[in-house]
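K.L.:
Quick one: the structure is below, questions incoming.
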Protein chains: 4
Amino acid sequence: MINRVVLVGRLTKDPDLRYTPSGVAVATFTLAVNRAFSNQQGDREADFINCVIWRKPAENVANFLKKGSLAGVEGRIQTRSYDGQDGKKVYVTEVVADSVQFLEPRNASGNQGGSFNGNQQNQGFNAGNPFEAPSQKPSFNDDPFGGTSKTIDITDDDLPF
Amino acid sequence: MINRVVLVGRLTKDPDLRYTPSGVAVATFTLAVNRAFSNQQGDREADFINCVIWRKPAENVANFLKKGSLAGVEGRIQTRSYDGQDGKKVYVTEVVADSVQFLEPRNASGNQGGSFNGNQQNQGFNAGNPFEAPSQKPSFNDDPFGGTSKTIDITDDDLPF
Amino acid sequence: MINRVVLVGRLTKDPDLRYTPSGVAVATFTLAVNRAFSNQQGDREADFINCVIWRKPAENVANFLKKGSLAGVEGRIQTRSYDGQDGKKVYVTEVVADSVQFLEPRNASGNQGGSFNGNQQNQGFNAGNPFEAPSQKPSFNDDPFGGTSKTIDITDDDLPF
Amino acid sequence: MINRVVLVGRLTKDPDLRYTPSGVAVATFTLAVNRAFSNQQGDREADFINCVIWRKPAENVANFLKKGSLAGVEGRIQTRSYDGQDGKKVYVTEVVADSVQFLEPRNASGNQGGSFNGNQQNQGFNAGNPFEAPSQKPSFNDDPFGGTSKTIDITDDDLPF
DNA sequence: TTTT
DNA sequence: TTTT
């Protein structure tokens with residue numbers, strides 16, 4: 001049984017970072033991936049793919065990516081269902097990311113970097129590799145319930161570990 | 001923009017083969033892909049991933065795969081929406097397969113092969129490679145509107161070419 | 001930076017299991033992956049792809065796979081070089097597997113299973129998922145230096161952790 | 001039989017464009033893909049992966065990519081051998097690309113774009129999709145034997161079609 | 001609504 | 001023989 005996905009696209013909005021009641025970080029975001037071909041009207045459409053990422057990489061995503069960021073995602077397709085407010089089951093298909101790669105040059109979008117940076121090119125960071133600690137230490141929100149972070153109704157049953 | 005998916009799993013039902021009004025074959029099927037890990041109850045769950053394949057490979061899929069067949073899929077994730085009968089938009093995420101690989105040994109499921117076959121191992125066939133004609137010529141349904149095949153309401157706008 | 005490989009093919013020989021001086025298991029094997037297209041002589045060629053896998057999954061591979069086994073591999077391409085016996089550098093390109101999937105039905109190749117098994121189909125095992133312990137406990141060689149296992153000249157520098 | 005590779009990395013040199021005696025374009029280049037983890041000395045190493053691409057996309061690669069360009073590659077691993085000048089067989093493992101994606105912002109590396117461009121972000125082009133014609137028409141070298149292009153000793157047997 |  |  002193999003289930004592997006690789007995506008490169010742009011975030012449609014800022015990522016949404018939340019925490020489970022037990023304090024596990026989850027970020028969700030949607031990647032717009034332009035299709036390689038045009039439709040019959042001659043337009044190139046995009047697929048809008050919902051992605052989820054857990055734990056530390058979720059915080060990296062929330063800290064480094066924003067609307068419009070070019071990102072690479074490796075993960076797997078997950079399907080799940082829940083009971084909608086109208087009583088019928090809602091089926092969801094999304095990508096659970098193992099790692100997210102920041103592919104934007106450091107100061108590409110003006111207001112992102114702030115200070116000038118002679119090194120125009122991005123080194124990348126791997127948001128999901130368990131072996132790697134990001135070298136540039138961002139001020140992560142270490143208290144999952146503090147700050148502006150919201151708690152959400154996700155049970156730990158949703159956790160892949 | 002990269003959008004690549006590789007799956008190996010089992011068909012949950014026989015594939016469904018239809019034809020567009022202009023005679024293009026489309027097969028749809030769902031792959032059950034067992035997860036590599038167990039949930040907190042200790043059970044291994046599966047993802048049920050809807051797949052679509054077009055044209056000749058669609059007919060190959062319909063001819064060679066059935067409920068329970070082990071298959072490999074290469075393709076991309078597609079998102080689309082349509083207006084549901086209750087008036088609100090329904091969002092769909094599915095895999096559009098470029099190729100489907102038959103991974104079952106030739107006579108694995110008893111009633112499949114029928115006669116004994118000295119060559120126990122499956123060589124596979126590539127259902128979606130444009131360069132390759134399947135060497136074993138199956139009796140394809142050459143008239144898209146004949147036989148038991150159904151016509152469906154898919155406009156050619158859905159075609160990726 | 002993304003580097004992802006998915007392969008399904010057959011082992012050209014029994015896997016080779018060794019241990020580093022510090023006792024870490026490494027298995028190597030070659031996967032023959034038939035091409036989807038034929039060459040100009042009308043033959044379908046194969047690619048012979050060298051694979052490496054480390055630690056517990058290496059032992060699973062050695063215990064469950066053998067010449068001819070159908071296997072799925074997920075991993076990344078690694079390049080490295082060493083000094084050949086003629087003094088010049090030898091460049092190597094191989095796949096470092098994260099996980100190996102056994103895709104063979106349980107008693108497909110006769111001498112494998114032995115006793116009859118009503119459940120003809122393989123459940124698969126994921127040889128490289130860190131979260132998953134194989135449910136069927138094989139008699140793993142717990143002493144890396146015992147048994148018929150060989151020690152090899154690989155320094156821990158080759159380890160990806 | 002599945003053989004799928006996805007890479008994102010940087011070209012180590014300008015691509016090398018050649019033509020077969022029968023006039024088919026082939027570009028070769030090496031992608032440096034930084035590893036997600038550091039070695040025991042604390043350095044992040046890279047894999048240097050040789051890639052080949054044929055026909056029109058080969059010309060796109062030669063026209064749009066250069067040393068240092070960030071690129072995405074989709075393709076398959078190919079192994080082949082030839083007789084080295086010392087009489088012994090040389091084994092080669094490389095990636096045959098179906099498509100190459102230009103991931104660099106339009107004017108990232110100064111001397112590339114030239115004039116200022118309000119649209120800072122790159123839309124990408126898909127160098128290998130048979131359905132897609134690049135919208136920005138570059139001055140392709142339509143005569144394979146003209147210009148500075150070299151002819152090489154590759155027989156058509158190497159062509160995947 | 002799910003496969004082995 | 002390697003990129004940022």
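K.L.:
Between a residue in the range D:61-73 that is free of Cβ contacts under 8 Å to residues at least 40 places away in the same chain and any residue that is assigned to a loop (DSSP other than H, G, I, E, B) and within 11 Å of DNA strand F (Cβ to nearest atom), which pairs come within a Cβ distance under 8 Å, given they are 6 or more apart or on different chains?
P.N.:
Hits for this filter: zero, empty list.
K.L.:
Considering only the range C:32-63, state which residues are among the polar types (S, T, N, Q) and in a helix (DSSP H, G or I).
P.N.:
Of the residues in the range C:32-63, the ones among the polar types (S, T, N, Q) are C:34, C:38-41, C:50, C:60, C:63.
The answer is C:60, C:63.
K.L.:
Among the residues of the range B:47-54, are any closer than 20 Å to residue C:36 by Cβ, hydrophobic (A, V, I, L, M, F, W, C) and out of contact with any Gly (no Cβ under 8 Å at 6 or more places or on another chain)? Full working, then the answer.
P.N.:
In the first step, residues of the range B:47-54 are kept if they are closer than 20 Å to residue C:36 by Cβ; the result is B:51-54.
Right, trim to hydrophobic (A, V, I, L, M, F, W, C) and you get B:51-54.
Filter again for out of contact with any Gly (no Cβ under 8 Å at 6 or more places or on another chain), leaving B:52, B:54.
Within the range B:47-54, one or more residues are closer than 20 Å to residue C:36 by Cβ, hydrophobic (A, V, I, L, M, F, W, C) and out of contact with any Gly (no Cβ under 8 Å at 6 or more places or on another chain).
K.L.:
Against the definition (aliphatic (A, V, I, L, M), crowded, with 22+ Cβ neighbours inside 10 Å and part of a loop (DSSP other than H, G, I, E, B)), how does residue B:71 come out, yes or no? Can you show your working first?
P.N.:
On the way: aliphatic (A, V, I, L, M): yes; crowded, with 22+ Cβ neighbours inside 10 Å: yes; part of a loop (DSSP other than H, G, I, E, B): no.
Answer is no for this residue.
K.L.:
Is it the case that some residue within the range B:94-104 is more than 16 Å from DNA strand F (Cβ to nearest atom), outside any strand (DSSP E or B), free of Cβ contacts under 8 Å to residues at least 40 places away in the same chain and surrounded by 21 or more Cβ atoms within 10 Å (Cβ to Cβ)?
P.N.:
Restricting attention to the range B:94-104, the residues satisfying the condition of being more than 16 Å from DNA strand F (Cβ to nearest atom) are B:94-104.
With outside any strand (DSSP E or B) added as a condition, the list becomes B:103-104.
Then drop every residue that is not free of Cβ contacts under 8 Å to residues at least 40 places away in the same chain, which leaves B:104.
Going one step further and asking which of them are surrounded by 21 or more Cβ atoms within 10 Å (Cβ to Cβ), we end up with B:104.
Scanning the range B:94-104, I find at least one residue that is more than 16 Å from DNA strand F (Cβ to nearest atom), outside any strand (DSSP E or B), free of Cβ contacts under 8 Å to residues at least 40 places away in the same chain and surrounded by 21 or more Cβ atoms within 10 Å (Cβ to Cβ), so the answer is yes.
K.L.:
Ok, one more. Would you confirm whether or not the range D:27-40 contains a residue that is of a type in the set (Ser, Thr, Tyr) and either at the interface with another protein chain (Cβ under 8 Å from one of its Cβ atoms) or within 16 Å of DNA strand E (Cβ to nearest atom) (or both)?
P.N.:
Of the residues in the range D:27-40, the ones of a type in the set (Ser, Thr, Tyr) are D:28, D:30, D:38.
Applying the additional criterion that residues be either at the interface with another protein chain (Cβ under 8 Å from one of its Cβ atoms) or within 16 Å of DNA strand E (Cβ to nearest atom) (or both) yields D:38.
Within the range D:27-40 (the criterion being of a type in the set (Ser, Thr, Tyr) and either at the interface with another protein chain (Cβ under 8 Å from one of its Cβ atoms) or within 16 Å of DNA strand E (Cβ to nearest atom) (or both)), the answer is yes, since at least one residue qualifies.
K.L.:
What tally of residues in the range D:62-78 results from selecting those that are within 21 Å of residue A:5 (Cα to Cα) and facing another protein chain (nearest Cβ under 8 Å)?
P.N.:
At the first step, the residues of the range D:62-78 found to be within 21 Å of residue A:5 (Cα to Cα) are D:70-77.
Filter once more, keeping what is facing another protein chain (nearest Cβ under 8 Å): D:70, D:72, D:74, D:76-77.
Residues meeting the conditions: 5.
K.L.:
Sticking with this one: Filter the range C:43-57 for residues that are out of contact with any Pro (no Cβ under 8 Å at 6 or more places or on another chain) and under 22 Å from residue C:78 (Cα atoms) and give the result.
P.N.:
Taking the range C:43-57 first, the residues out of contact with any Pro (no Cβ under 8 Å at 6 or more places or on another chain) are C:43-53, C:55-57.
Within the range C:43-57, C:46, C:47, C:48, C:49, C:50, C:51, C:52, C:53, C:55, C:56, C:57 meet the criteria.
K.L.:
Between A:45, A:59, which is more than 14 Å from chain B (Cβ to nearest Cβ) and either at pLDDT 95 or above or surrounded by fewer than 21 Cβ atoms within 10 Å (Cβ to Cβ) (or both)? Steps first, answer last, please.
P.N.:
On the way: A:45 fails: more than 14 Å from chain B (Cβ to nearest Cβ).
Residue meeting the stated conditions: A:59.
K.L.:
Kindly indicate the residue of the range D:27-42 that is within 15 Å of DNA strand F (Cβ to nearest atom) and over 20 Å from residue D:78 (Cβ atoms) and also surrounded by the most Cβ atoms within 10 Å (Cβ to Cβ) among those meeting that condition.
P.N.:
The qualifying residue surrounded by the most Cβ atoms within 10 Å (Cβ to Cβ) is D:36.
K.L.:
Same structure again: Under the condition of being part of a strand (DSSP E or B) and away from every other protein chain (no Cβ under 11 Å), which residue from the range D:6-26 is surrounded by the fewest Cβ atoms within 10 Å (Cβ to Cβ)? Lay out the reasoning, then the answer.
P.N.:
Applying the first criterion (part of a strand (DSSP E or B)) to the range D:6-26 yields D:6-11, D:16-19, D:25-26.
Right, trim to away from every other protein chain (no Cβ under 11 Å) and you get D:11, D:16-19, D:25-26.
Working: D:11: 20, D:16: 16, D:17: 23, D:18: 18, D:19: 21, D:25: 22, D:26: 20.
Out of the qualifying residues, it is D:16.
K.L.:
Can you name the residue in the range D:79-93 that is in a strand (DSSP E or B) and either under 12 Å from the mean Cα position of the chain (by Cα) or within 16 Å of DNA strand F (Cβ to nearest atom) (or both) and is also nearest to residue C:94 (Cα to Cα) among such residues?
P.N.:
D:93
K.L.:
Now a separate question. Starting from residues that are within 29 Å of residue B:1 (Cα to Cα) and of a type in the set (Lys, Arg), keep the ones in the range C:1-51 and report whichever is farthest from the chain's Cα centre (by Cα).
P.N.:
Among those that are within 29 Å of residue B:1 (Cα to Cα) and of a type in the set (Lys, Arg), it is C:35.
K.L.:
Checking residue B:5 against (1) within 26 Å of residue D:76 (Cβ to Cβ); (2) within 15 Å of DNA strand E (Cβ to nearest atom), which test does it fail?
P.N.:
In the conditions (1) within 26 Å of residue D:76 (Cβ to Cβ); (2) within 15 Å of DNA strand E (Cβ to nearest atom), residue B:5 misses (2) alone.
K.L.:
OK, next. Please tell me if residue B:87 is out of contact with any Leu (no Cβ under 9 Å at 6 or more places or on another chain) and at pLDDT below 95. Steps first, please.
P.N.:
Values: out of contact with any Leu (no Cβ under 9 Å at 6 or more places or on another chain): yes; at pLDDT below 95: yes.
Answer is yes for this residue.
The values are calculated or read from the model by the stated rules, or taken from the named source; none is laboratory data. On a predicted model such as this, the values are computed, not experimentally measured, just so you know. With ideal geometry, Cβ positions are generated from the backbone for all residues, glycine too; neighbour counts draw on all protein chains shown.
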